[in-house]
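Before I ask anything, here is the structure I am working with.
The numbers here are math on the coordinates, done by the rules we state, and not lab data. These figures come from a predicted structure and were not determined experimentally. Every residue, glycine as well, gets a Cβ built from its backbone with ideal geometry; the counts of neighbours run over all protein chains shown.
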Amino acid sequence: MSEPDPWTTIDLARPDRTSIDVSVGESDLSVGAPGESPDYASIDVETTDDEDRIIVSIETTAGDHGTGIASAELTAAEAGQLADILTDVVAKQEDRSE
């Protein structure tokens, strides 16, 4: 029996709708709209080595201009809350399209 892959990647169909912004003091950095149009974006989900937490990362790349990665380590309860929120939002979108 093979082990399940602890890493799942979703390549986003519209990377141009992705941006990662960072502010440190008075300095601002940004990868993505409106200054640059990312040509690649993904959402990655994995577990920590001890499988104690779930890591959700968003990565976006804008050619040679830059790569931005934002990651959050979630407990199982927090990941469950995120799943519930996503389920509710998707259901509302599906209701609107009917």
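Once label points are set 7 Å from the Cα along Cα→Cβ at both residue 74 and residue 12, what is their separation, rounded to one decimal in nm?
Using points 7 Å along Cα→Cβ, the separation is 1.6 nm.
Hey, what's the per residue convex hull volume over the C-alpha atoms of region 7-97, in cubic angstrom?
144 Å³
Right, something else. I need the phi-derived Karplus couplings for region 80-94: 6.51 cos²θ - 1.76 cosθ + 1.60, θ = phi - 60°, integer Hz, Gly and Pro marked x.
Residue by residue, region 80-94 yields x, 4, 4, 4, 4, 4, 4, 4, 5, 5, 4, 4, 5, 5, 5 Hz.
At 0.36 nm per residue, minus the direct Cα-Cα distance, what do residue 47 and residue 83 gain on full extension? Give it in nm, one decimal, please.
11.4 nm
Near the amide H of residue 18, under 5 Å away, which other amide H atoms are found, from residues 5 or more places off or on another chain, if H is placed in the peptide plane?
33
Please list 66-74, 85-93, 46-54 highest first by mean number of surrounding beta-carbon atoms within 10 Å per residue.
The packing order, highest mean first, is 66-74, 46-54, 85-93.
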